[in-house]
Structures are given as C-alpha cells and as structure tokens.
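Structure first, then comments.
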Amino acid sequence: MPPLSVVAFLSLAALTLGSAGIVAFSKNIIHSTLALLGTFMGIAGLYITLSADFLAATQILVYVGGTLTLILFAVMLTSRIEDMKVSNPQTGVAAAFGLIAVALFVLDKVTTET
C-alpha cells in the first residue's frame, strides 16, 4: 500500500490531466470552462502537496476567483452564444499528436544521453 502522499499526488495529477484533456477536446465552451476549474483546483492541490501554501492560495484567488469568473461571465454575456455549435474544432488533432510524439521522443533522447 503506497503512502497517503503518493495517493494524494496521483489523484491530484489525474484530476489535473483529466480536466486539461476535457478543456482541450470539449466542443462546448461552457464544459471547457468548468473543466478549467478542475484543472486550476488540481494545480492548487499539487501546490499544497509541495508545501507551497501561498502559491496554492494565490492560484485559487487569482485564477479561479478572477480569470475563470471573467471567462464564465464573458461567455454567458456574449450575444448569440446559441449560434456557436463548435467552439473548439477538431482540425489538426493528428498533427498535434504527431508533434507531441516527436517532442517527447527528442526529450527522451536528450535526457538519456546526459
């Protein structure tokens, strides 16, 4: 059984990465914005596990309290929001995955050579 700190880190990392995936691949901008909340909260939790309480509080106050609220109000107050069917089109997904694979391959080669 892993220690509680490892379980907390893995669950917060899963929350952060899962929410970031929803932000990137969701077609609905409201769902993306709410998933961004999960991403920001996961990052704040990771700061807490690193004993960086000030950064965690700043993360919550600035990003969740300010930026995310601004995004939500901007989206909700925008006229003709119902006309927007796709806010995040799925064009270039294959190219993005290929670019990420190449970048990870290069980073792996660089780190194993040193």
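Bear in mind that the values in this text are calculations on the coordinates, not laboratory data. Here the structure is a predicted model, which means the values were calculated and not measured. A quick note on method: Cβ atoms are made from the backbone with ideal geometry, for glycine too, and the neighbour counts reach across all protein chains shown.
How much mean residue ellipticity at 222 nm does the chain get from its helices, if each DSSP H run of length 4 or more adds -39500 (n - 2.57) and you divide by all residues, to the nearest 500 deg cm²/dmol?
Working: 5 runs with 79 residues, N = 114.
Computed ellipticity for the chain at 222 nm equals -23000 deg cm²/dmol.
What are the DSSP H helices in the chain that stretch 24 Å or more along their long axis, judged by alpha-carbon atoms, and whose average Kyte-Doolittle hydropathy comes to at least 0.5?
Details: long enough: 4-25 (31 Å, 2.13); 29-49 (30 Å, 1.57); 93-113 (30 Å, 1.65).
Helices passing the filter in the chain: 4-25, 29-49, 93-113.
Annotation: average projected area of the stretch 34-77 is 2.6 square nanometres, based on the convex hull of Cα atoms across all directions.
Distance distribution note for the chain: the fraction of Cα pairs above 20 angstrom is 59%.
Over all directions, average the projected area of the Cα convex hull of the stretch 1-67 and note it in nm². Walk me through the numbers on the way to the answer.
On the way: hull surface 18.9 nm².
Value for the stretch 1-67: 4.7 nm².
When the Cα positions of Ser26, Gly45, Leu104 are compared along the charge dipole of the chain, Ser26 comes out farthest toward the positive end, with charges on each C-beta of Lys, Arg, Asp and Glu.
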